[in-house]
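So the structure is just underneath, and the comments pick up after that.
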Amino acid sequence: MKKRDLFFAAFAAAALIPGLSSCSSSDPNNQVTDENVVADDASALSLVNGVYSHWQPLSSSFSFIIELNSNKLISFEGEEGEPGPVNSRFEQLSSTWYQIKIFNHLFLGISQDNEAIATVTNSFKAGKVSQAGYNAAVGKAKFLRGLAYLKLVQLWGEVPVFTEEGGSTTERKSIDEVFNQIVSDFTAAEELLKNYDGDPRVPSKQAAQGLLARTYLVWGDNPLSQSEVAAIATSQTDPVFTKTDSRLEKAVEYADKVINSGLLKLDPDYNKLWGREYESNKRGTNEHLFTIAHDGDEYDAQGNHQTHCSWTFPFQNGENGTGYSQNHTEVADDNLYDDWKSEYPNDKRLAETYFTTVVNPETGKTHHYYSPIYTPINGKGVDQSYQDAENLEITHNSVDRIEIRYAEVLLTKAEALVQLGRNAEAAAPFNELRKRAGIETVAAPTFDQIKREWDYEFTYEQFSLLNSYRWKDLISSVQKVKNYKHFADNWKDNQTYTADQEAFFTKVHNHLKAKYNNVQGRHYRQPVPTGLSGESLGISQNPGY
């Protein structure tokens with residue numbers, strides 16, 4: 001599907017509602033019908049696979065909202081008015097590109113899901129598609145549609161809901177109505193899809209169950225309504241955290257389904273989770289539950305730029321560099337590494353999350369990433385498949401994006417149990433992560449320990465903002481930057497900097513100050529953007545924008 005505005009795509013989907021899907025023709029033998037568009041199982045699945053064209057461009061774009069709208073990441077992607085820095089500074093508008101891109105592509109994907117479900121269903125009824133073909137195609141389409149709506153409701157709150165059965169593309173539905181659609185889609189996918197077979201690129205029954213656990217955890221933490229956001233839109237005070245226990249119980253139930261299937265497990269080596277040689281479960285460890293495939297720019301025209309954006313110019317910087325070019329995204333300050341090292345110096349995840357020293361495999365020279373030279377580098381943006389692979393993924397961009405892995409299922413269960421007051425029960429799934437990391441286990445994790453474990457395990461994996469939304473601590477968590485090394489106005493007094501280094505850390509300082517000053521209650525929602533061509537989508541704006 002080419003880039004078209006949202007309304008055209010939605011109109012196309014509505015036109016494919018059963019009963020309205022066939023084009024008229026004076027020759028009845030020359031009609032374009034669902035049955036000859038989808039003539040067999042292979043073409044049914046191919047139609048659904050086209051939806052991935054809307055997911056692949058978003059692999060890095062999610063980070064430019066979810067991680068930059070936090071205390072953890074800042075952006076060096078061009079001038080301050082560019083979309084990356086704008087998000088980093090909490091200055092996003094309806095015209096900011098990453099919001100436009102994500103919102104529109106998710107809805108375009110939903111439109112294509114709707115089209116595929118209607119078309120495959122009609123072909124199945126006509127006997128062209130087998131039951132197995134129908135299950136695979138429609139199960140995958142509903143899985144992807146549920147995931148799209150989950151991303152949308154988390155970032156934008158009340159959004160329009162339309163399916164192959166109809167609905168409005170402009171009328172915003174309540175939070176509960178959106179979540180009911182998500183649960184309906186994932187539940188249908190759970191029923192239709194096959195068990196996990198070791199290939200995380202293929203949606204499975206267990207992947208649907210894992211995402212249902214995520215859905216109920218998010219829903220269980222009572223996402224703010226439009227009116228609740230409006231009440232705090234211009235303040236710097238977080239709302240009160242509340243929860244709904246019945247939904248948290250469902251989160252535990254679906255996490256247990258994945259766990260009890262016996263089909264998933266943690267990879268014993270944390271650093272073996274990222275890299276081309278580990279994709280599609282080549283190690284046979286079954287931790288990746290669902291991933292978005294990327295074969296590199298030359299193949300899918302939109303490689304996973306998470307690698308590129310966090311690791312753009314690594315060897316042009318530092319004491320052996322030839323210049324001082326900044327990566328598109330940067331670790332917000334040294335403190336993120338320092339504070340973790342102070343808490344758990346032997347945590348095996350630390351060295352894989354933050355690179356402070358890297359050897360360039362082409363020159364053999366060592367580059368250090370720590371002030372006054374630089375800030376630590378996001379290690380999860382690097383292909384860690386094999387020793388000295390760091391320099392090879394900058395242009396290939398071919399590492400798959402991990403949407404959900406088994407570690408999330410374990411931590412989701414642990415958190416839901418802690419929120420339910422069953423802390424001792426939470427110890428078993430919680431400690432599985434701690435044992436792999438090589439740090440102390442606990443008898444009954446606290447809510448604060450659960451929150452910190454999300455940082456230890458999932459830093460830069462596109463959870464930061466979404467977790468702050470759940471926990472209602474967006475403002476307080478972002479304003480932690482006041483304790484960072486380069487936040488203070490006298491930051492230059494503590495060390496000696498070259499001109500290039502001073503320019504770099506001046507931008508760090510400015511972004512930390514902007515985060516602290518700009519974050520407000522309205523940022524519990526993203527601004528409803530324009531269409532891909534700048535046109536109005538006809539959807540009412542979120543409070544404060």
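Quick notes
Residue-wise test of (1) among the acidic types (D, E); (2) without any contact (Cβ under 8 Å) to a residue 12 or more places away in the chain; (3) surrounded by fewer than 17 Cβ atoms within 10 Å (Cβ to Cβ).
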| residue | (1), (2), (3) |
| --- | --- |
| L192 | no, no, no |
| N222 | no, no, no |
| S227 | no, yes, yes |
| T237 | no, no, yes |
| T244 | no, no, yes |
| V252 | no, no, no |
| D256 | yes, no, yes |
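- Members of region 427-451 found to be in a helix (DSSP H, G or I), in contact (Cβ under 8 Å) with a residue 24 or more places away in the chain and closer than 24 Å to T285 by Cβ, listed by number: P429, E432, L433, R436, A437
- Residues of region 336-362 satisfying the condition of being within 17 Å of N71 (Cβ to Cβ) and within 24 Å of the chain's Cα centre (by Cα): L336, Y337, W340, T353, Y354
- The residues listed here are V120, V129; of these, the one that is surrounded by 24 or more Cβ atoms within 10 Å (Cβ to Cβ), part of a loop (DSSP other than H, G, I, E, B) and over 18 Å from the mean Cα position of the chain (by Cα) is V129.
The rows are residues; the columns are (1) surrounded by fewer than 22 Cβ atoms within 10 Å (Cβ to Cβ); (2) closer than 25 Å to Y337 by Cα; (3) at pLDDT 95 or above.
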| site | (1), (2), (3) |
| --- | --- |
| H54 | no, no, yes |
| S60 | no, yes, no |
| F64 | no, yes, yes |
| E67 | no, yes, yes |
| I74 | no, yes, yes |
| P83 | no, no, yes |
| S88 | no, yes, yes |
| Q92 | no, no, yes |
| S95 | yes, no, yes |
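- Residues that are touching a Lys or Arg at 6+ places or on another chain (Cβ under 7 Å) and of a type in the set (A, V, I, L, M) within region 131-170 comprise V159, V161, listed in sequence order.
- Yes/no for V418 being out of contact with any Asp or Glu (no Cβ under 8 Å at 6 or more places or on another chain), of a type in the set (A, V, I, L, M, F, W, C), farther than 22 Å from L68 by Cα and in a helix (DSSP H, G or I): yes
- Pairing residues of region 136-164 that are not assigned by TED's automatic domain parsing to the domain that holds S53 and surrounded by fewer than 24 Cβ atoms within 10 Å (Cβ to Cβ) with residues that are modelled with pLDDT of 95 or more and in a helix (DSSP H, G or I), at Cβ distances under 6 Å and at least 6 apart in sequence or on separate chains, gives no pairs at all.
- Looking across region 325-357, just one residue is in a loop (DSSP other than H, G, I, E, B) and either among the hydrophobic types (A, V, I, L, M, F, W, C) or assigned by TED's automatic domain parsing to the domain that holds I65 (or both), and that is A332.
- Count of residues meeting criterion [closer than 26 Å to S310 by Cβ and in contact with a helix residue (DSSP H, G or I) (Cβ under 8 Å, 6 or more places away or on another chain)] in region 88-123: 17
- Pair list, Cβ under 7 Å, 6 or more apart: region 389-412 residue over 20 Å from V359 (Cα atoms) and basic (K, R), other residue at pLDDT 95 or above and not in a strand (DSSP E or B): R405/E287
- Of everything listed in (1) among the polar types (S, T, N, Q); (2) assigned to a strand (DSSP E or B); (3) buried (at least 24 other Cβ atoms within 10 Å of the Cβ), the single unmet condition for T169 is (3).
- Those residues of region 363-383 which are buried (at least 22 other Cβ atoms within 10 Å of the Cβ) and modelled with pLDDT under 85, in sequence order: G381, V382, D383
- If the condition is being among the polar types (S, T, N, Q) and either farther than 22 Å from L474 by Cα or within 25 Å of the chain's Cα centre (by Cα) (or both), then region 226-258 contributes Q226, T242, T244, S246.
- Those helices (runs of 4 or more DSSP H) of region 452-545 in which at least 3 residues are more than 26 Å from I292 (Cα to Cα), considering only elements entirely within it, cover 474-478, 499-518.
- All positions within region 334-343 that are in contact (Cβ under 8 Å) with a residue 40 or more places away in the chain and in contact with a Leu (Cβ under 7 Å, 6 or more places away or on another chain): W340
The values are calculated or read from the model by the stated rules, or taken from the named source; none is laboratory data. Keep in mind it's a predicted model, so treat the numbers as computed, not measured. Positions of Cβ are backbone-derived with ideal geometry, glycine not excepted, and every protein chain shown enters the neighbour counts.
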